[in-house]
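Everything below concerns the one structure shown next.
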Amino acid sequence: MTSPSDPAADASTRSIPDATVLFAGDSGDGMQLTGAQFTLASAYARNDLATLPDYPAEIRAPAGTTYGVSGFQLHFGAVDIHTPGDKVDLLVAMNAAALKVHLSRVRPGGTVLVNTDAFAPRDLELADWSDADPLHDDTLDGYEVIEVPLTTLTREALSDTDLSKKQVDRSKNMFALGLTLWMYSRPLDPARDWIRNKFSDRPVIRDANLAVLKKGAHYAETIEAIGTRYQVDPAAMKPGTYRAVRGAEATALGLVAAAHQSGRSVFYGSYPITPASDILHEISKHKNFDVATFQAEDEIAAVGAALGASFGGSIGVCGTSGPGVALKTEAIGLGVMTELPLVIVNMQRGGPSTGLPTKPEQGDLMQAVYGRNGEAPLPVLAPASPGDCFYMAYEACRIATTYMTPVMLLADGYLGNGSEAWRIPAVDDLPSFTVENTTEPTDRNMMTDDDGNPQFLPYVRDDDTLARPWAVPGTPELEHRLGGLEKEHETGNVSYDPENHERMVKLRAEKVQRVTQSMPPVPVRGPRQGSLLVLGWGSTKGAIDEAVDRCHSEDTPVSAAHLRYVWPLPADLEALVDGFDRVLVPELNNGQLIRLLRNAYDAEFLPLNKIQGRPFRAAEICTAIRDALTPVAS
Amino acid sequence: MADASASSNTNNTTKPAGPPGAKKPAGPPGSKKPAGPPGSKKPDGPTLPPGYGGDGGGCGLSRKDFSSDQDVRWCPGCGDYAILATVQRLLPELDVPKENTVFISGIGCAGRFPYYMDTYGMHTIHGRAPTFATGLKCANPELDVWIVTGDGDALSIGGNHLIHLCRRNLDTQVLLFNNKIYGLTKGQYSPTSEEGKVTKSTPHGSIDAPFNPVAVALGADASFVARTMDRDPKHMKAMMKASHEHAGTAFLEIYQNCNIFNDGAFFEFTERGTKASRALFVEDGEPLTYANGERGLRLDGLSLEAIDLTTDRWSVSDCLVYDASNREMAHLIGRMFDQPDLPRPFGVLYQTERPTYEQQLHDQLDAVRAERGDGDLETLLHSGETWTIDA
Ligand SMILES: Cc1ncc(C[n+]2csc(CCOP(=O)(O)OP(=O)(O)O)c2C)c(N)n1
Ligand code: SF4
Ligand SMILES: [Mg+2]
């Protein structure tokens, strides 16, 4: 986040390390598309990047209203990019409502590009600005303002085509795109290629879009209003092939990869819910891989079918958000009791109840760890970035099948909708994924029952993992019954025996505890000892890393560690925590991980909670770090 | 858990200790006792007339191969015993490998059923058995999946899943043990209990209108709908067999006596004195007659009329000839429920062929694979716009 140091007026090109651009307009203005094309161009410019769309909650809000504003924020740079950006350097406001909604996110001195054609009295009225005149009063004082009559210019550019007025007006986003691409010295070619491809069968529209895109860039070059053109150099990224990937997409790809690498089908059951539906949409596209999808009648049916599929030898997965997890609770408990693999993806959103469906929150950690009747532990994983959703979805399937247990994956809407430049892994580099079914009777897994008949023992356990055998229906001689009633050790028969119950509760807990064997060491940013450790989990990693990097650049002594394997707490965490005087725990909730930590370790934990349906800004974490390091006057 | 792995020694061929009384006393080696109410002297149980057994057949197995070593814990005299015995007698006659048979149940007295079958099985959670069956059958369509459920399980807490199962037409058999009561929770009224039912939870009588389960199934577009009764093992077995032969969701309501909390709920239809005049056994292609042929049903406009066939006024030729493939007729007959002048229908009320859910699911997967070829992960991960940073 760096502003040009010298606001000189000549249109010379200035090199900056990074920038944040926010495209905002009416739902019908094509802002998501514009943002995606700008992202692509930035990728071609070899920048690191992170994006976050901001959709209106209403499906078709009336045009021009504040609640119909759709936004797309993009942070790109020559440096490591961790988040979609704290503060906006350039806001492109396609109408008055967009300016009204997003102006506060622009940093002081930042640039605001406004479509002056959308500031008529009617537009201002729709934006609840009836009595104001934002383009001429003091609203935009302190910002650099670029006024462009986008609609008029687009119409002029297309005056000699046969397109309808509506069609003409629809391409004004290409004018804005061309203009902004020029401002940041991005190539036009990726957008051109996309347009040619997209409208290959509609040449008139294709040519119109190409023309307007070019006009936008030319306009930028010609007008004087644009004082500075910026250059963002390529980032020093790890060599490899990259793509932009959204978290929901990456989750689906991780599940597909799990099926592919394990040679086992994945059964994905889901009931539509924001923001998890996109996983279902994505995975449904890849049915030539071994993935079956099932849109269930409700979340209970989705988890039931997933667990039933696991009984049958598939990897049962169900994706939802908090309210759906609430409905699945009882069936997840059955998964714990029957010790079958099951992956539950929770794309968290603000709660409780219906809460804030489109806003991110980390409010479901306690639900994931403890939210079932009885002693029903299960491992909880939390991806740290959009691309990490791929690995953690894959990992969740591996742990579920290795330990024969339900696994909860806690992502959120910020990761699900957000995207980043993702280094595509080589398939051969993925962790190996072999899991065998038990197919033969052995001395170990058989007994002779009271009637003198051989009987399979479905609850004998592996010495290392404590997993029970996964014998699937259709296997001769291994017939057995599973169920929710307490199981007798080894035989799996129904048992109400008090000692047996206690033993089984402890065995199930110990099995989940052993998942720590499969966890990599907790990565640490900075020294492993010191006065302050920032310890977060899941989607807050980007903001924490950025904050800690900033602190490091100011020589502020602080380290950061991040949990992607959240529960059970990793085995090496205690020693790590012990190495610091205090531990700051940023969470997008009212303090949930911190309770687990306080319960487990004897250290001084400081909460940093934000519960606004918004991700952390790195600046907020920086402030908390400085506060935590300042000796309290006593 | 220090003892966790130590307790699983590698050569465990003896049965680990269970709680006292968890198992029935050992019988002679190799003999598995068929299910029967405890205390009954005849091994086959008193409810089954001789000759209805079929202790051998299709897969070379016998009834005892399908009974597990677990004690059957239903109350003595419960109708569930007869249902269990009938299933155990039927399975050897079916051409299904034992390892492919799976019973999935919900919660309730009926829900205990899988524990007594020496097949694969899963005793799931209340009302949700159809969901587990759906995932299982989709994962492996070769399996022969039976769902066992109760009136509360299927129609109260699980009503949603039941109707969606029917509409999807998953190839499975639903055995609904209807005893018009919540047995396991000790006697509250259920969604099939008659209005005014006095139970522990309704001391002044229930004010809920009851469901007629076959009408629910018909309304949910089940492709096979039938009704039978625990007290008529021969009919019950025939209905189970027909359910099994049907490709698609076969919904079979079984009138089951809960002699503890709702004794005699169906005696009107099941007991000798009244069965003939109150129960009508429909047969595809046969005229609808009952009361040993003395009474019949005719169509009067769009209504049914019970007619006396012993007088000169009506004869069998006036009776409606049943057509189980006729949806309208099934609705008309299946809806005979609370009219005192009309009998209660039993038998296959409706049957039609339509594609099954799991078949369509796999057809679609196959079609996509045929069109695009086996998925290549490398290619998938690299799809969309990519860019390369050189070393
Ligand atoms: C979620 C949940 N709610 C309630 C119960 C308690 N419960 C167990 S069985 C049952 C009713 C069973 O009635 P029905 O399905 O008719 O079976 P029956 O016992 O009569 O065979 C109830 C309410 C439960 N096990 N789970
Ligand atoms: S309570 Fe009723 S249904 Fe349950 S086992 Fe006893 S008799 Fe059978
Ligand atoms: Mg009942």
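For the reader, a short list of remarks on this structure follows.
- Enumeration of residues in the stretch B:124-139 that are within 23 Å of A:LYS487 (Cβ to Cβ) and either within 16 Å of ligand 3 (Cβ to nearest atom) or open to solvent by 10 Å² or more (accessible area, probe 1.4 Å) (or both): B:ILE125, B:HIS126, B:GLY127, B:ARG128, B:ALA129, B:ALA139
- Residues of the stretch B:92-108 classified as open to solvent by less than 40 Å² (accessible area, probe 1.4 Å) and touching a helix residue (DSSP H, G or I) at 6+ places or on another chain (Cβ under 8 Å), total: 10
- Screening A:ALA376, A:ALA382, A:ALA326, A:ALA331 for residues that are of a type in the set (A, V, I, L, M), away from chain B (no Cβ under 14 Å) and touching a Lys or Arg at 6+ places or on another chain (Cβ under 9 Å) leaves exactly one candidate, A:ALA382.
- Among the residues of the stretch B:108-124, just one is touching a residue at least 40 places away in the same chain (Cβ under 8 Å), out of contact with any Phe, Trp or Tyr (no Cβ under 7 Å at 6 or more places or on another chain) and at the interface with another protein chain (Cβ under 8 Å from one of its Cβ atoms), namely B:TYR115.
- B:SER206 being away from ligand 2 (no atom under 16 Å from the Cβ), part of a loop (DSSP other than H, G, I, E, B) and either closer than 17 Å to B:ALA222 by Cβ or not aliphatic (A, V, I, L, M) (or both): yes
- Residues that are over 21 Å from B:GLU99 (Cβ atoms), open to solvent by less than 20 Å² (accessible area, probe 1.4 Å) and facing chain B (nearest Cβ under 8 Å) within the stretch A:491-510 comprise A:SER495, A:ASN500, A:LEU507, listed in sequence order.
- Members of the stretch B:143-173 found to be within 14 Å of chain A (Cβ to nearest Cβ), within 16 Å of ligand 3 (Cβ to nearest atom) and among the acidic types (Asp, Glu), listed by number: B:ASP153
- Residue within the stretch A:467-487 that is at the interface with chain B (Cβ under 7 Å from one of its Cβ atoms), over 21 Å from A:VAL512 (Cβ atoms) and among the acidic types (Asp, Glu) present: yes
For (1) free of Cβ contacts under 8 Å to residues at least 60 places away in the same chain; (2) closer than 19 Å to A:ARG614 by Cα, each residue gets a yes or a no:
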residue	(1), (2)
A:VAL69	yes, yes
A:ILE81	no, yes
A:LYS87	no, yes
A:MET94	no, no
A:GLY110	no, no
A:PHE119	yes, no
A:LEU124	yes, no
A:ASP133	yes, no
A:THR139	yes, no
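- Filtering the stretch B:337-381 to residues that are farther than 26 Å from A:GLY269 by Cα, open to solvent by less than 80 Å² (accessible area, probe 1.4 Å) and modelled with pLDDT of 95 or more leaves B:PHE337, B:LEU342, B:PRO343, B:ARG344, B:PRO345, B:PHE346, B:GLY347, B:VAL348, B:LEU349, B:TYR350, B:GLN351, B:THR352.
- Options B:THR386, B:THR311: the member that is open to solvent by 20 Å² or more (accessible area, probe 1.4 Å), within 14 Å of chain A (Cβ to nearest Cβ) and farther than 30 Å from A:ALA309 by Cβ: B:THR386
- For the stretch B:356-380, taking the residues that are more than 7 Å from chain A (Cβ to nearest Cβ) and assigned to a loop (DSSP other than H, G, I, E, B), the one that is nearest to A:GLU249 (Cα to Cα) is identified as B:ASP376.
So that you can scan it fast, the table gives a plain yes or no per residue for (1) open to solvent by less than 10 Å² (accessible area, probe 1.4 Å); (2) over 17 Å from A:ALA561 (Cα atoms):
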residue: A:LEU588; (1), (2): yes, no
residue: A:ILE621; (1), (2): yes, no
residue: A:ALA624; (1), (2): no, no
residue: A:PRO631; (1), (2): no, yes
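- Verdict on A:TYR414 being without any contact (Cβ under 8 Å) to a residue 24 or more places away in the chain, away from chain B (no Cβ under 14 Å) and either open to solvent by 10 Å² or more (accessible area, probe 1.4 Å) or on the phi > 0 side of the Ramachandran plot (or both): no
- Summed over the stretch B:162-194, residues that are in contact with a Ser or Thr (Cβ under 6 Å, 6 or more places away or on another chain) and farther than 13 Å from B:THR134 by Cβ total 11.
- Residues of the stretch A:441-454 classified as touching an Asp or Glu at 6+ places or on another chain (Cβ under 8 Å) and surrounded by fewer than 17 Cβ atoms within 10 Å (Cβ to Cβ), total: 1
- Of the strands (runs of 3 or more DSSP E) entirely within the stretch A:222-299, those holding at least 2 residues that are in contact with a helix residue (DSSP H, G or I) (Cβ under 8 Å, 6 or more places away or on another chain) and open to solvent by less than 40 Å² (accessible area, probe 1.4 Å) occupy A:240-246, A:266-270, A:291-295.
- Verdict on A:SER553 being under 22 Å from the mean Cα position of the chain (by Cα), among the hydroxyl-bearing types (Ser, Thr, Tyr) and not assigned by TED's automatic domain parsing to the domain that holds A:GLY351: no
- Search result, residues across the stretch A:101-136 that are more than 20 Å from A:ILE226 (Cβ to Cβ), open to solvent by 60 Å² or more (accessible area, probe 1.4 Å) and over 27 Å from the mean Cα position of the chain (by Cα): A:PRO121, A:ARG122, A:GLU125, A:ASP128, A:SER130, A:ASP131, A:ASP133, A:HIS136
- Of the listed requirements (1) at pLDDT below 95; (2) more than 9 Å from chain A (Cβ to nearest Cβ), B:ASP69 misses just one: (2).
- Residue that is nearest to the chain's Cα centre (by Cα), among those in the stretch B:174-188 that are more than 10 Å from ligand 3 (Cβ to nearest atom) and buried (at least 24 other Cβ atoms within 10 Å of the Cβ): B:LEU175
- The stretch B:253-274: number of residues that are out of contact with any helix residue (DSSP H, G or I) (no Cβ under 6 Å at 6 or more places or on another chain) and open to solvent by 40 Å² or more (accessible area, probe 1.4 Å): 8
- Flag if A:LEU409 is assigned to a strand (DSSP E or B) and either farther than 30 Å from B:ILE104 by Cα or among the aliphatic types (A, V, I, L, M) (or both): yes
- The residue list A:ARG192, A:ARG155, A:ARG196 contains one member that is under 24 Å from A:THR20 (Cα atoms), open to solvent by 50 Å² or more (accessible area, probe 1.4 Å) and in the same structural domain as A:GLY35 (by TED's automatic domain parsing), which is A:ARG192.
- Just one of (1) within 16 Å of ligand 3 (Cβ to nearest atom); (2) crowded, with 21+ Cβ neighbours inside 10 Å fails for B:THR199. It is (2).
- Of all residues making up the stretch B:131-166, the number that are within 16 Å of ligand 2 (Cβ to nearest atom) and among the small types (Gly, Ala, Ser): 4
The values are calculated or read from the model by the stated rules, or taken from the named source; none is laboratory data. None of these values were measured; they are calculated from a predicted model. Note that each Cβ is placed from the backbone with ideal geometry, even for glycine, and that neighbours are counted across all protein chains shown. Heavy atoms of the whole protein, side chains included, go into the accessibility calculation; ligands, DNA and RNA do not. Shrake-Rupley method; radii C 1.70, N 1.55, O 1.52, S 1.80 Å.
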